[in-house]
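J.: Let me give you the structure first, and then I'll get to my questions.
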Amino acid sequence: MDIDRILTNLKRRRYEAHYFNTKEEAMDYLAAELKGRTIGLGDSATLAAMGAYDRLSQENDVVDPVHPLPGEKFRDVAKRTLLREIFISSANAMSEQGEIVNIDGTGNRISAATGAHEVVCYLVGRNKVAPTFDQALWRARNVAAPLNARRLHRKTPCAQGEALRCYDCKS
């Protein structure tokens, strides 16, 4: 995987792209760049694993579906993320050409990422980068979507099946 080529491809698509060797470096960068802002987080296992809420909440007003207010439902939190200056999420997959692929069960991350935020940040690990768009789409359907369905206790075939793959259920 040629990181410099990927960064160049992202910049050609008008993304401001950065590479970090560790999640700590990435979170330090975001914390410094976004200090004092209102931030909405997408419901993302990647963000949770990076400690994004804890780190960014130190000096920002952060809304995160994983940390709702008492009695707040997921949909209400997702709507509040739309009102933030910054939206941060991850992607299910990305091609080396810089094509971002997301399959979203409720549409909250997709709608927020295309909304009226001043800044949208995608945190994409090396594990999510595929050589081509078709391979990135395959990863989104057969790795990310089933893992998310299982994490969210969905009753879809990919969440309940033994094999980690898309069963093309159209849900």
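The values are calculated or read from the model by the stated rules, or taken from the named source; none is laboratory data. Keep in mind that this is a model prediction, so the values were computed, not measured. Don't worry about glycine lacking a Cβ; one is built from the backbone with ideal geometry, like all the others, and counts go over all protein chains shown. Surface areas here come from the heavy atoms of the whole protein model, side chains and all, with no ligands, DNA or RNA. Shrake-Rupley method; radii C 1.70, N 1.55, O 1.52, S 1.80 Å.
J.: Could we say that A78 is outside any strand (DSSP E or B), touching a Ser or Thr at 6+ places or on another chain (Cβ under 9 Å) and surrounded by 12 or more Cβ atoms within 10 Å (Cβ to Cβ) here?
T.: Yes; evaluated as a whole, the condition is true for this residue.
J.: Follow-up question, since we're still on this one. Exactly one of these conditions fails for E33: (1) in contact with a His (Cβ under 7 Å, 6 or more places away or on another chain); (2) surrounded by fewer than 18 Cβ atoms within 10 Å (Cβ to Cβ). Give me its number.
T.: In the conditions (1) in contact with a His (Cβ under 7 Å, 6 or more places away or on another chain); (2) surrounded by fewer than 18 Cβ atoms within 10 Å (Cβ to Cβ), E33 misses (1) alone.
J.: Give the range 1-42 a look and list any residue that's among the basic types (K, R) and within 19 Å of A130 (Cα to Cα), or say none. Break it down stepwise before answering.
T.: Our first condition is that a residue be among the basic types (K, R); within the range 1-42, this holds for 5, 11-14, 23, 35, 37.
Answer for the range 1-42, where residues must be among the basic types (K, R) and within 19 Å of A130 (Cα to Cα): R5, K11, R12, R13.
J.: Give the range 55-99 a look and list any residue that's in contact with a His (Cβ under 9 Å, 6 or more places away or on another chain) and modelled with pLDDT of 95 or more, or say none.
T.: Of everything in the range 55-99, nothing turns out to be in contact with a His (Cβ under 9 Å, 6 or more places away or on another chain) and modelled with pLDDT of 95 or more.
J.: What is the residue count in the range 40-75 for residues that are polar (S, T, N, Q), under 21 Å from T114 (Cα atoms) and either open to solvent by 20 Å² or more (accessible area, probe 1.4 Å) or part of a strand (DSSP E or B) (or both)? Talk me through it step by step, then tell me what you get.
T.: Residues of the range 40-75 polar (S, T, N, Q): 44, 46, 57-58, 60.
Right, trim to under 21 Å from T114 (Cα atoms) and you get 44, 46.
Next, only the ones that are either open to solvent by 20 Å² or more (accessible area, probe 1.4 Å) or part of a strand (DSSP E or B) (or both) stay: 46.
Of the residues in that region, 1 qualify.
J.: Could you tell me whether the range 158-168 includes any residue that is under 26 Å from T8 (Cβ atoms) and touching a residue at least 12 places away in the same chain (Cβ under 8 Å)?
T.: No, because not a single residue in the range 158-168 is under 26 Å from T8 (Cβ atoms) and touching a residue at least 12 places away in the same chain (Cβ under 8 Å).
J.: Scan the range 93-118 for residues that are within 26 Å of A32 (Cα to Cα) and assigned to a loop (DSSP other than H, G, I, E, B) and jot them down.
T.: G98, T114, G115, A116, H117, E118
J.: Picking from T114, T132, which residue would you name as being in contact (Cβ under 8 Å) with a residue 12 or more places away in the chain and β-branched (V, I, T)? Full working, then the answer.
T.: Values: T114 fails: in contact (Cβ under 8 Å) with a residue 12 or more places away in the chain.
Residue meeting the stated conditions: T132.
J.: Something else about it: Quickly run through the range 103-143 and pick out the residues that are among the polar types (S, T, N, Q) and open to solvent by 40 Å² or more (accessible area, probe 1.4 Å).
T.: T106, S111, T114, N127, T132, Q135
J.: With the checklist (1) touching a strand residue (DSSP E or B) at 6+ places or on another chain (Cβ under 7 Å); (2) closer than 15 Å to L47 by Cβ; (3) in a helix (DSSP H, G or I) in hand, flag the one item N148 doesn't pass.
T.: Here N148 clears every test but (1).
J.: Check Y29 against each of (1) closer than 29 Å to W138 by Cβ; (2) at pLDDT 95 or above and name the one condition it does not meet.
T.: Of everything listed in (1) closer than 29 Å to W138 by Cβ; (2) at pLDDT 95 or above, Y29 misses just condition (1).
J.: Another question, if that's okay. Output the residue which, of all residues in the range 105-138 that are over 21 Å from A49 (Cα atoms) and among the aromatic types (F, W, Y), is modelled with the lowest pLDDT.
T.: W138
J.: Filter the range 151-168 for residues that are more than 14 Å from D104 (Cβ to Cβ) and of a type in the set (D, E, K, R); which is most open to solvent (accessible area, probe 1.4 Å)?
T.: E162
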